[in-house]
Amino acid sequence: MQPIILASSSPRRQEILKLMNIPYQVIIPNCKEEYPDDIEIEKVPEFLATRKIDAVIRAAPAGIEYPWILGADTVIVKNKKILGKPENQEQAFEYLKSLQGSTHKVITGIALFNSELHYMSNRTSITKETFSKMTDEEIKWYISTGEWHGAAGGYRIQGLASCFISKIDGTNSGVMGLPVFELYDILKEQNYSIFE
C-alpha cells in the first residue's frame with residue numbers, strides 16, 4: 001500500500017488514517033485559508049482542501065512527485081456565517097455563546113490527488129450538531145481547558161465539548177475533520193485498496 005501525503009497537521013486526521021491502517025506522511029501546507037467571496041458556503045471546505053494539496057505539490061523538491069496527496073478542511077457554519085478558528089479566548093467565548101442552545105452545521109471537505117492520473121476527487125460531509133444551553137460559567141470553564149486552540153468554532157467534539165452536545169445528525173468522523181465514509185468512497189473510486 002503506497003503511503004498517502006496528509007496535507008494537514010491535525011492529530012485527529014492522523015488518528016483516522018491509523019484506524020484505517022493507511023500509511024501516511026504529514027506535510028503541512030503553506031497556504032492561507034482564503035476563499036473567493038462568491039463561493040457557496042458549503043463548497044468552501046472542498047476549495048480549501050484542494051488549495052492545501054496545490055501548496056504541497058508546489059513545495060515539493062525538484063523531481064519529487066508524491067503518488068497520493070490528501071487534503072481536508074472543516075468549517076463551522078451558523079446562520080450562514082463561517083466560524084473559523086478563534087484567535088483568542090474572547091473570540092472562542094463569542095463563538096461558543098452563539099452556538100449554545102442551537103443547531104449548527106459542521107462541513108468537512110476532502111480532496112484526494114492521484115499524481116499518476118493527475119486526477120483530483122472531492123467529497124463533502126455535512127453534519128448537524130446541537131449544543132445544549134450553556135451558562136457563561138460553563139463556557140468559561142470549557143475555554144480554560146484550552147481545547148478551543150486551533151479548533152473551528154472553538155471546540156473539539158472528541159474532547160470535553162461532548163459534555164454539551166445533545167444531538168448529532170451525521171458522523172463523528174466528519175466533525176473530527178476526516179469523514180471515514182467519504183474517505184473510503186474516494187479511495188475506492190481511485191482504486192486505492194485498504195485491504196492489502
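The table below lists the values:
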{"quantity": "Unit charges on C-beta of K, R, D, E only; dipole of the chain, Debye", "calculated": "280 debye"}
{"quantity": "Largest-first ellipsoid semi-axes for segment 96-157, taking √(5λ) over the Cα gyration tensor eigenvalues, angstrom", "calculated": "34, 14, 6"}
{"quantity": "Using alpha-carbon coordinates, inclination of helix 44-59 to the longest axis of the chain, degrees", "calculated": "40 degrees"}
{"quantity": "Per residue, in Å², the accessible surface of segment 130-178 once ligands and nucleic acids are set aside, probe 1.4 Å", "calculated": "47 Å²"}
{"quantity": "Relative contact order computed over segment 27-102 (Cα-Cα under 8 Å; 6+ residues apart), in percent", "calculated": "26 percent"}
{"quantity": "(i) 16.7, 60; (ii) 18.3, 62; (iii) 17.1, 56, with the label sought being that of the calculated Rg and Dmax of the Cα atoms in Å", "calculated": "(iii)"}
{"quantity": "Order of exposure, largest accessible area first, which applies to 108, 135, 74 with probe 1.4 Å", "calculated": "135, 74, 108"}
{"quantity": "Cα long-axis angle, helix 180-189 against the chain (0 to 90 degrees, to the nearest 10)", "calculated": "20 degrees"}
{"quantity": "Total charge dipole magnitude, segment 29-80, about the Cα centre, Cβ charges on Lys, Arg, Asp, Glu only, Debye to nearest 20", "calculated": "160 debye"}
{"quantity": "Solvent exposure, largest accessible area first (probe 1.4 Å, DNA, RNA and ligands not counted), of 134, 120", "calculated": "120, 134"}
{"quantity": "Dimensions in Å of segment 135-183 - Rg and Dmax from alpha carbons", "calculated": "12.0, 38"}
{"quantity": "The chain: calculated mean residue ellipticity at 222 nm from DSSP helix runs of at least 4, using -39500 (n - 2.57)", "calculated": "-9000 deg cm²/dmol"}
{"quantity": "Set of aspartates and glutamates near residue 43 by C-alpha distance (under 14 Å), chain-local residues within fewer than 8 positions excluded", "calculated": "33, 34, 73"}
{"quantity": "Residue 128-residue 28 FRET efficiency (beta carbon distance; Förster radius 25 Å; 0.05 resolution)", "calculated": "0.25"}
{"quantity": "Linear extension gain, residue 43 paired with residue 166, 0.36 nm per residue minus alpha-carbon span", "calculated": "41.6 nm"}
{"quantity": "Residue 149-residue 102 pseudo-label distance in nm [points 7 Å out on the Cα-to-Cβ vector]", "calculated": "2.9 nm"}
{"quantity": "Length-normalised contact order of the chain in % [C-alpha pairs under 8 Å, at least 6 apart]", "calculated": "22 percent"}
{"quantity": "Cβ-Cβ FRET estimate between residue 115 and residue 89, R0 fixed at 45 Å, reported to 0.05", "calculated": "0.60"}
{"quantity": "DSSP beta bridge pairing in the chain, given as percent antiparallel to the nearest 5", "calculated": "85 percent"}
{"quantity": "Accessible surface of the chain, 1.4 Å probe, proportion on carbon and sulfur as whole %", "calculated": "49 percent"}
{"quantity": "Residues in segment 105-137 that a label on residue 185 would reach, taking backbone N under 19 Å of a point 7 Å out along Cα→Cβ", "calculated": "105-114, 120-129"}
{"quantity": "Ratio Rg/Rh, restricted to segment 1-96 and using Cα atoms, in which Rh is the Kirkwood radius", "calculated": "1.02"}
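The values are calculated or read from the model by the stated rules, or taken from the named source; none is laboratory data. Given the structure is predicted, the values throughout are model-derived calculations rather than measurements. Don't worry about glycine lacking a Cβ; one is built from the backbone with ideal geometry, like all the others, and counts go over all protein chains shown. Please note that ligands, DNA and RNA were not included when accessible areas were found on the heavy atoms of the full protein model with its side chains. Shrake-Rupley method; radii C 1.70, N 1.55, O 1.52, S 1.80 Å.
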